[in-house]
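Step one of this worksheet: look at the structure below.
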Amino acid sequence: MDFGVLSIFIAVTVFAVALAFIFGRRLGSRSQEKSLTQDKPTAPVARVGGQQAAEQRAPDIKPPASTGEESVAGAAAKHIPRFEQRSWFSRLASGLSKTQGQLVRQLEVLLLTSKEQRASREVVLDSMLEILVRADVGIRTSEMLIEKVRTALPTSEIASSEAILSVLRSEVLRILSAPAEGSQSSGAVHWSLVPQATEGTRVVLMVGVNGVGKTTTTGKIAFTQRQAGRSVIVGAADTFRAAAVDQLEEWARRAGAECVRLAEGSDPASVAFECVKKAVSQQIDLCLIDTAGRLHNRNDLMQELSKIRRVTSKDVPGAPHEVLLVLDATTGQNALQQARAFKEIAGVTGLVLTKLDGTAKGGVAIALAAEMNLPIRYIGVGESVEDLQPFSAEEFVDALFSPAVSPLQQAPALQPMQS
């Protein structure tokens, strides 16, 4: 064999062997990695109480890349409100926290500091009067409460915060319960907008000034009454404000109630008449009529309510069975002026006190019960449907006088009275 050919043969053979060696190592490495992955040992088994508990570690899984649609859906989900399940008393106590801080907590601080400083009886009582007035209990009602404390407690107990708060608690409960005792029950615990023994349609007129939440309250009542299994029809008699009609119609749709509305600017009495007439023909349990907000010092507008009252009684003798005046608790003593005017013109039978969660003037509830002798039928402490409930004097007083961890931390600083 020629020496040149032999050299070429040997070179090719060596090159082939080298390539085979290199590729063989790579394939072997990959095979070993695959084998290690498949035959990875599980975590050791631990025996606890005779039972085996295998601990396995799951591999990390990366989420797939989100699409544009998934991003939009995720963003929208973040804005979906979560319903927080709380008891009514919890909602009430939370709603009255500002009033409690202005009234009860300040009384506790006053009595605590007065005891340390050994203040005189009259100084303590005068300071208590100021606190009550600041909480919008009203001068007349505040003086009555202070006089009750003066006569109920001897001088030796005037510095006892427990004794004084006990007397105030009992007297406030008596005041809030008194108007309801003449109607159905103490504290209106068992009062019902539609009593079980009612035959025929129950007609309820909703009245009040602008901005107190009258239409919203009407919608909430319609909703809760439907949830209680009663048939409901609402009349949009606020014909001068299209937004109010649309709002009430939406509430009725959600509640599964019927809504009667006429053209914008129609006579409100005509809406009330048509609503009652339809309720009677369809044998509906409850007829709610939402009227337009009106200033209590506008006699012409107030007289319009008298006309609405008259037309509701044409098809249902004795109607309206209830005239509920909706009051905004944040207005304080102005609510008393509204109550006096509406009681005289519209024949108000009960009160609805709203927006108590946004004010420290919740003491006006005590003043209204004491001076107007009108029962509080509903109380509102928030925006949700669950935040409007039938009023209970016992629950209100329990929430208002509920204990705090430290009155010095809870109460706002005492401010001087304005002359």
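A compact table of results
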| item | result |
| --- | --- |
| Every residue from region 137-149 that is within 21 Å of Val397 (Cβ to Cβ) and open to solvent by 40 Å² or more (accessible area, probe 1.4 Å) | Arg140, Glu143, Met144, Glu147, Lys148 |
| The lone exception for Asn299 - which of (1) out of contact with any Asp or Glu (no Cβ under 7 Å at 6 or more places or on another chain); (2) within 22 Å of Pro390 (Cβ to Cβ) it fails | (2) |
| From Arg140, Arg150, residue being closer than 27 Å to Asn373 by Cα, modelled with pLDDT under 95 and either among the small types (Gly, Ala, Ser) or part of a helix (DSSP H, G or I) (or both) | Arg150 |
| Filter result (at pLDDT 95 or above and open to solvent by less than 50 Å² (accessible area, probe 1.4 Å)) within region 257-266 | Ala257, Cys259, Val260 |
| Any hit, region 85-97, residues being at pLDDT 80 or above and in contact with a Phe, Trp or Tyr (Cβ under 8 Å, 6 or more places away or on another chain) | yes |
| Candidate set from region 267-298 (those that are of a type in the set (Asp, Glu) and surrounded by fewer than 23 Cβ atoms within 10 Å (Cβ to Cβ)); member that is farthest from Ala252 (Cα to Cα) | Asp267 |
| Region 211-232, subset buried (at least 24 other Cβ atoms within 10 Å of the Cβ) and more than 21 Å from Ala329 (Cβ to Cβ), residue nearest to the chain's Cα centre (by Cα) | Ala222 |
| Residue ID - most open to solvent (accessible area, probe 1.4 Å), chosen from residues in region 369-397 that are among the small types (Gly, Ala, Ser) and in contact (Cβ under 8 Å) with a residue 40 or more places away in the chain | Ala370 |
| In region 318-362, residue modelled with the highest pLDDT [restricted to those that are over 30 Å from Gln106 (Cβ atoms) and out of contact with any strand residue (DSSP E or B) (no Cβ under 8 Å at 6 or more places or on another chain)] | Gly318 |
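Here's the yes/no breakdown for (1) open to solvent by less than 40 Å² (accessible area, probe 1.4 Å); (2) touching a Ser or Thr at 6+ places or on another chain (Cβ under 6 Å):
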{"site": "Asp300", "(1), (2)": "no, no"}
{"site": "Arg340", "(1), (2)": "no, no"}
{"site": "Gly350", "(1), (2)": "yes, no"}
{"site": "Ala367", "(1), (2)": "yes, yes"}
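Here is a yes/no grid of residues against (1) open to solvent by less than 20 Å² (accessible area, probe 1.4 Å); (2) touching a strand residue (DSSP E or B) at 6+ places or on another chain (Cβ under 6 Å); (3) at pLDDT below 90:
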site	(1), (2), (3)
Leu125	yes, no, no
Leu129	no, no, no
Ala135	yes, no, no
Leu168	yes, no, no
Val172	yes, no, no
Thr198	no, no, yes
Met206	yes, yes, no
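The values are calculated or read from the model by the stated rules, or taken from the named source; none is laboratory data. Keep in mind that what you see is a predicted model, and the values were worked out from it rather than measured. Every residue, glycine among them, receives a Cβ derived from its backbone with ideal geometry; neighbour counts consider all protein chains shown. When the accessible area is computed, the model is the full protein with side chains, heavy atoms only, and any ligands, DNA or RNA have been set aside. Shrake-Rupley method; radii C 1.70, N 1.55, O 1.52, S 1.80 Å.
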